[in-house]
Structure formats: C-alpha cells, structure tokens
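Have a look at the structure below, then the notes.
The values are calculated or read from the model by the stated rules, or taken from the named source; none is laboratory data. All values derive from a computational prediction rather than experimental measurement. A quick note on method: Cβ atoms are made from the backbone with ideal geometry, for glycine too, and the neighbour counts reach across all protein chains shown. These area figures cover heavy atoms from the full protein model, side chains too; ligands, DNA and RNA do not enter into them. Shrake-Rupley method; radii C 1.70, N 1.55, O 1.52, S 1.80 Å.
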Amino acid sequence: MNDAASSLPVVIVGGGFSGAMLAARLAERDQASVLIERGDAFGPGVAYATPNDAHRLNVRAGRMSAVADRPGDFVDWLTTHHPDQADANGFAPRRLYGLYVRDRLSTTEVALPGLVRRLSGAVIAIEGRAAILSTGARIDGRAVVLATGNPAPRTTPTGEDGRIIANPWTPDALAPIQPGDDVLILGAGLTMVDVLLTLLSQGWRGRATAVSRRGLLPRAHGPHHDAPIDLPPEALSGPLSQRLAVARRLARAHGWRRVMEGYRPITLDLWQAAPSAERARFLRHLRPWWDVHRHRIAPEIAAELDRLFHENRLTVRPGRILDVEASADRVTVRLAGEAGQALTAPWLIDCTGPGHDATATPLTAALIAEGRARLDPLRLGLDLDQSGRVRHADGTPDPDLYVLGPPARSAFWETIAVPDIRQRIEALSLALTA
C-alpha cells in the first residue's frame, strides 16, 4: 500500500456494535475511520436498541466488556451509571448495553478527536477501497470493512390485512396484536423468546404455538458461571459421531454447561480446521442442538417460559411447514405428516431468524456479480479467508475488503455473541494497523 493510501481512513459499513466498537478500537491504535450507518443511531444496532427491559443479555454482564484488555469495563460502566444493575453474574437489560456501547464510542471520540468520523447514509456499492453512497458520494479509504450486522429474516408474504408479521424487529410490529389474540410463531429460538417477552409487556394474555423443525428451545444458564472442563483428544478429532458420544459422556459426568464452556475457546479452531464436508454434516445433523446449548438464556427468562408452559399458554411443536395461507382475519399453517395437520390463529409471527443470503442483499449481490466476492460453499454467506477477507470468484482473498460480525460466520462460525465479536475486533484492528 502506498503512502497516500495508508494515510486514508478505514471505511466501516455498518454502525452497530461490530462497526462502532471496531472504530473505537482503531482510534485507540491511532487509525482513523469513517463509520457509515444507514440511520442515525450509532452503536446499539438492532440487538441493543430495544427499549424493553424485559429483553436481557444472553451473556453475564461480567463477560460483556467491549474491550478485550479491560474485562471489567461493562460492569464498571454499570457501577457508575446504573449501580442497581452492576452484578457481574447477572444478565442486564440489553437497552443498557446499547447505552454502554454508544457511550464508549462517544468517549473515544472525545478523547481522540478526529479519528472517528460518523456518516449517515446508505452504501449501495463498493468500488476498490471506496464506499459509494445512494447520494452519489464516494468515501475513499485504505480498506473497507462490511459490518452490516444480522440481515433481515427471509420472510413470507404479509398476506391479507397484514396478518403475517414478517419481521418482528420492525418498530411496533407487534402492536396490532390484541391482548386476547392467539399467535402462531415460526421458529422456537432466541427471536421467539424476545417476541413473547414483548407481547407480555404489552399485556398479552393469549396463547402461542411455536413451530420449528425439531421443537427445541434455548437452554438456560445456571445460577453461576460454569467452569470449563479440559476436553480429551477424542472430543476434538475424529468422526462427528465419535465426538458427540464423548461429549454426551462428559456431560453426564460433569454437566453439559461445563462441556460447552470447554468447547467455547476452541470452537474457532475446530471450525476452521474442519473440511467443508464435515462442516456440512455438522450443520445438517448437530447444529440445532449446538445452538440451543451454546446460545443460552438468562435463568429468569427461562422461568418466564416455564410459567407460560404451565399455564398452557405456550406450546412448541416439531414439524416441517408445507404452506401458509392468510385471510382477512386468520392465518393457517399446514404441517407435513399427521395428515397435513393445520394450525390456525389470528396472527403468524416469523421468528426464523436472520436470512443469511448474500445474493438477496444488493450490496453483496453486486460484489458477487462482478466477481469480487463469491458464496461460501455451504451458502452461509460470503466466502472468507481465515482473516475475514472476502474471497474473489477465483478464491484469492481481497487485501482491502473485510467482513466483521454476524455476516462473517462462514469463516468463524461463532460471530453472534459479544465475546466472539470482541475477539475478532481485536484481531482485525491489529491487522489494519500493522
């Protein structure tokens, strides 16, 4: 890179947690950046912008520092600003975490003026090391980082009278649901949990039926952090069936939470060492069980779900959906098997999670069309090298184009939780300032 290019800022597309915390870390390493966000809310992103304090972190506050070398940073911030929530073992409201991220970005800007430039606008193209905005403005940089967060769900049509709520994260998406209305929910993961909590905070008293392929619910954290166990070699190599058998044996002896904590620091290495065929088998057979044990919910949230079960207000059905039909006042979901059993309710809420389809997003679809990017073989997103650089159509990594956060899961798999993204921010900030 020539001297002129090296003096340019890093262009970061996406101003949520990943992008904002990368900009702050780069500034601390004396590297300027331009942080581009479609809206004007820099920092929280969708995950931490919720105003509902029933939405809790899924990781204990003591492990949620946004700074790799200051593990107590978030709890320290809580102690100063919200001392009633300053419990390292607790699960603080996500709203407070959004305020913490926003505050860290602002504090960095004040302490290191001129190193972070905020820019509101929609990026429609990447040309070389520049981002092109919908206004026609061109933002040149020394490198471009795509930190666009979780994409919107792959949705079904909204149907007549909007009876299908395709994206529950849209502001006030659940407002039309009346207190006594029953609902059908597609998916039984973390999004479903948030939707139920939102409905309850609105005074909802109806019943919910959630449908997912296997009918699995997220597991709960224990009362305290579980110490990891040392995993034996046979749990780390060999056929997946063998590793699963070893993991089950260890779980019976030590508890499944301790086994999952043992895998946590080495998941990246295992994923990157696995050939594509092994990754495919994991996704096809083990992923649902991995997800519900790995991405856990706070004990108090699990207790709320238990209450709904005991009151016969929540049912989780395993099954494959054949079709969905919406009329003016009802939605009908037909399931495979059981003679095509039909479920009916006034509302259907799509909680199937992010739609990681790089070809459906105009920005990444254009990169694929021009050959600057390609899809991961398993269609998890863009194909990346082990540093997070985008691979061209011929497989060569692009030296100037990186992906950070949830869209980088093809290379890193675990890219959703803050501790994992924090690790990637540290590695990427080092690479961009080397």
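Evaluate the following for Asp306: is it over 24 Å from the mean Cα position of the chain (by Cα), outside any loop (DSSP other than H, G, I, E, B) and either farther than 21 Å from Ile349 by Cα or acidic (Asp, Glu) (or both)? When the stated conditions are applied, Asp306 passes them. Candidates are the residues of the stretch 338-366 that are in a loop (DSSP other than H, G, I, E, B) and open to solvent by 40 Å² or more (accessible area, probe 1.4 Å); the one that is modelled with the highest pLDDT is Thr352. Is at least one residue of the stretch 295-311 at pLDDT 95 or above, within 28 Å of Gly381 (Cβ to Cβ) and not β-branched (Val, Ile, Thr)? Yes; the residues of the stretch 295-311 include at least one that is at pLDDT 95 or above, within 28 Å of Gly381 (Cβ to Cβ) and not β-branched (Val, Ile, Thr). Pro399 satisfies every condition listed in (1) under 25 Å from Ala122 (Cβ atoms); (2) of a type outside the set (Val, Ile, Thr); (3) open to solvent by 60 Å² or more (accessible area, probe 1.4 Å) except (1).
Filtered by the rule that a residue be part of a helix (DSSP H, G or I), within 13 Å of Ser410 (Cα to Cα) and free of Cβ contacts under 8 Å to residues at least 24 places away in the same chain, the stretch 270-292 gives a lone residue, Ala273.
Suppose we filter the stretch 187-197 for residues that are outside any loop (DSSP other than H, G, I, E, B), in contact with a Pro (Cβ under 9 Å, 6 or more places away or on another chain) and open to solvent by 10 Å² or more (accessible area, probe 1.4 Å); how many remain? Result for the stretch 187-197: 3. Applying the criterion of being in a strand (DSSP E or B) and open to solvent by less than 40 Å² (accessible area, probe 1.4 Å) to the residues of the stretch 76-122, the residue that is farthest from Met21 (Cα to Cα) is Pro93. Given the condition in contact with a Leu (Cβ under 8 Å, 6 or more places away or on another chain) and either at positive phi or touching a residue at least 60 places away in the same chain (Cβ under 8 Å) (or both), answer yes or no: does some residue in the stretch 368-377 qualify? Yes, the stretch 368-377 contains at least one residue that is in contact with a Leu (Cβ under 8 Å, 6 or more places away or on another chain) and either at positive phi or touching a residue at least 60 places away in the same chain (Cβ under 8 Å) (or both). All of Arg389, Arg320 fail the test of being open to solvent by 50 Å² or more (accessible area, probe 1.4 Å), in contact (Cβ under 8 Å) with a residue 24 or more places away in the chain and of a type in the set (Lys, Arg), apart from Arg320. Please tell me if Ile266 is β-branched (Val, Ile, Thr), within 30 Å of Asp383 (Cα to Cα) and either out of contact with any helix residue (DSSP H, G or I) (no Cβ under 6 Å at 6 or more places or on another chain) or outside any loop (DSSP other than H, G, I, E, B) (or both). So Ile266 passes the test. Criterion first (in a strand (DSSP E or B) and open to solvent by less than 30 Å² (accessible area, probe 1.4 Å)) does Ile229 satisfy it? Against the criterion (in a strand (DSSP E or B) and open to solvent by less than 30 Å² (accessible area, probe 1.4 Å)), Ile229 does not qualify.
With respect to the conditions (1) buried (at least 18 other Cβ atoms within 10 Å of the Cβ); (2) outside any helix (DSSP H, G or I); (3) out of contact with any strand residue (DSSP E or B) (no Cβ under 8 Å at 6 or more places or on another chain), Ser18 lacks only one, and its number is (2).
Going through (1) touching a residue at least 12 places away in the same chain (Cβ under 8 Å); (2) open to solvent by 10 Å² or more (accessible area, probe 1.4 Å); (3) not hydrophobic (A, V, I, L, M, F, W, C) one by one, Ser33 falls short only on (2). Filter the stretch 367-386 down to the residues that are hydrophobic (A, V, I, L, M, F, W, C) and either touching a Phe, Trp or Tyr at 6+ places or on another chain (Cβ under 9 Å) or open to solvent by 20 Å² or more (accessible area, probe 1.4 Å) (or both) and list them by number. Answer for the stretch 367-386, where residues must be hydrophobic (A, V, I, L, M, F, W, C) and either touching a Phe, Trp or Tyr at 6+ places or on another chain (Cβ under 9 Å) or open to solvent by 20 Å² or more (accessible area, probe 1.4 Å) (or both): Ile368, Ala369, Leu375, Leu378, Leu380, Leu384.
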